[in-house]
1. Got a sec? Which strands (runs of 3 or more DSSP E) wholly within region 113-153 have at least 3 residues that are β-branched (Val, Ile, Thr), modelled with pLDDT of 95 or more and out of contact with any helix residue (DSSP H, G or I) (no Cβ under 6 Å at 6 or more places or on another chain)?
2. Take region 154-203 and flag every residue that is charged (D, E, K, R) and assigned to a strand (DSSP E or B).
3. Being part of a helix (DSSP H, G or I), modelled with pLDDT under 95, aliphatic (A, V, I, L, M) and more than 13 Å from residue 165 (Cα to Cα), is that true of even one residue in region 28-40?
4. With respect to residue 56, is the statement that it is surrounded by fewer than 18 Cβ atoms within 10 Å (Cβ to Cβ), within 15 Å of residue 179 (Cα to Cα) and modelled with pLDDT of 95 or more true?
5. Exactly one condition in (1) outside the structural domain of residue 100 (by TED's automatic domain parsing); (2) in contact (Cβ under 8 Å) with a residue 40 or more places away in the chain is not met by residue 184; state its number.
6. For residue 94, indicate whether it is at pLDDT 90 or above, in contact with a Ser or Thr (Cβ under 9 Å, 6 or more places away or on another chain), surrounded by 15 or more Cβ atoms within 10 Å (Cβ to Cβ) and not assigned by TED's automatic domain parsing to the domain that holds residue 146.
7. Got a number for residues in region 133-142 being buried (at least 17 other Cβ atoms within 10 Å of the Cβ) and more than 14 Å from residue 123 (Cβ to Cβ)?
8. Among the residues of region 97-131 satisfying the criterion of being touching a Phe, Trp or Tyr at 6+ places or on another chain (Cβ under 9 Å) and of a type in the set (S, T, N, Q), which is surrounded by the fewest Cβ atoms within 10 Å (Cβ to Cβ)?
Amino acid sequence: MECGGVVPRRFGSIVLAMCWIASAVPVAAGTVRGSLFVPRGSRLEDAVVWLERVPDRTERELVRGKRKGFFGRRQPPPRPELVTKRQRFDPRVVVVAAGDTLLVRNEDRVWHGVFSVSPTRPFELGKRGPGTTTHLPFSKPGQVQVRCDIHPGMSATVLVTPNHAFTRPNAAGEWSLTDLPDGSYVVWAWAPGLRELHQEALVTRRGEAVLKLHW
């Protein structure tokens, strides 16, 4: 059935509903999933898995967020945050999609001077007191090492991905990226102290690609 043209009024609402459903539900969506293995001594919870490139429509859907239930409202992904408290950064690794903004907030009782000299995104926030917040934009993918010039022992990593198709493995190292159109994808993985891995995956209509990523 085509979405358009003239239809009897009593069928109009039905046609519009069916057209809306067709545009909202991914057609023949597939999945990339797998398992991630890190060497002993590395922190699995800090690892990140992402796709090098996704179709524009997929990226727009990821930005808008998934629906809760078939007719539910969309839930946009949570805004990434980096918090200073107890003279530490929390989390140790935060993921930001290129083009997004990171909220940096000081929940400590002391002042901090957050900065980075990483080529991907050098910055200097200056001395910030308790309760202050800063919105820090990131435009280029890559790793950004973050430090504090008042407390040298503080460190964190901002991993800037090329899009919003990223995920974190669970405690068993399992991960998945869903609602992908059929096609070829490049899957990347990274964890602190380890080099980046990448592997190709072919997603078929309503199918899934299963990968094992290990260093």
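The values are calculated or read from the model by the stated rules, or taken from the named source; none is laboratory data. It should be emphasised that the depicted structure is a prediction, and the values quoted were computed from it without experimental measurement. Here the Cβ positions follow ideal geometry from the backbone for every residue, glycine too, while neighbour counts run over all protein chains shown.
1. none
2. Across region 154-203, the qualifying residues are 174, 179, 200.
3. Within region 28-40, none of the residues are part of a helix (DSSP H, G or I), modelled with pLDDT under 95, aliphatic (A, V, I, L, M) and more than 13 Å from residue 165 (Cα to Cα).
4. It is true that residue 56 is surrounded by fewer than 18 Cβ atoms within 10 Å (Cβ to Cβ), within 15 Å of residue 179 (Cα to Cα) and modelled with pLDDT of 95 or more.
5. (2)
6. Criteria not met by residue 94.
7. The qualifying residues number 1.
8. The extreme case among them is 101.
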